[in-house]
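Readers should treat all values here as calculations from the given coordinates under stated rules, not as data from a laboratory. As the structure is a computational prediction, the values presented were derived from the model and not from experiment.
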Amino acid sequence: MFIGLVAGWVYLLRPRLTMRQMLYRYWYLRSRHWKETARAKRKQVGWRCQRCGERKRLDVHHKTYIRLGREKLNDLEALCRECHRKEHKQ
């Protein structure tokens with residue numbers, strides 16, 4: 001019973017996403033187009049973080065959302081997880 005109560009509170013207190021954010025996260029970032037585009041960006045930068053140069057797991061960060069779905073590689077930045085977190089905390 002206690003676990004169910006805690007789970008209920010966690011559900012109610014979780015951050016809410018807008019419909020746009022939900023579509024972006026759960027549809028677009030899982031699309032074949034995005035996976036191919038992100039891979040092309042990682043390859044372009046030699047599989048290194050563009051901020052610190054580390055060869056760690058790379059996220060591909062949108063610098064702009066103007067051309068979402070038809071991004072140019074210059075609209076994107078390949079970042080390690082640590083640098084990507086720092087970028088979003090600014």
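Backbone amide hydrogens, once placed in the peptide plane, bring Arg51 within less than 5 Å of Cys80, excluding anything fewer than 5 places away on its chain. Scaled against the 2.2 N^0.38 Å expected of a compact globular protein of N residues, the Cα radius of gyration of the stretch 28-90 reads 1.05. Couplings 3J(HN,Hα) for the stretch 25-40, derived from phi with the Karplus relation 6.51 cos²θ - 1.76 cosθ + 1.60 (θ = phi - 60°), are 6, 9, 10, 5, 5, 9, 6, 4, 4, 5, 4, 5, 5, 5, 5, 4 Hz, where x marks Gly and Pro.
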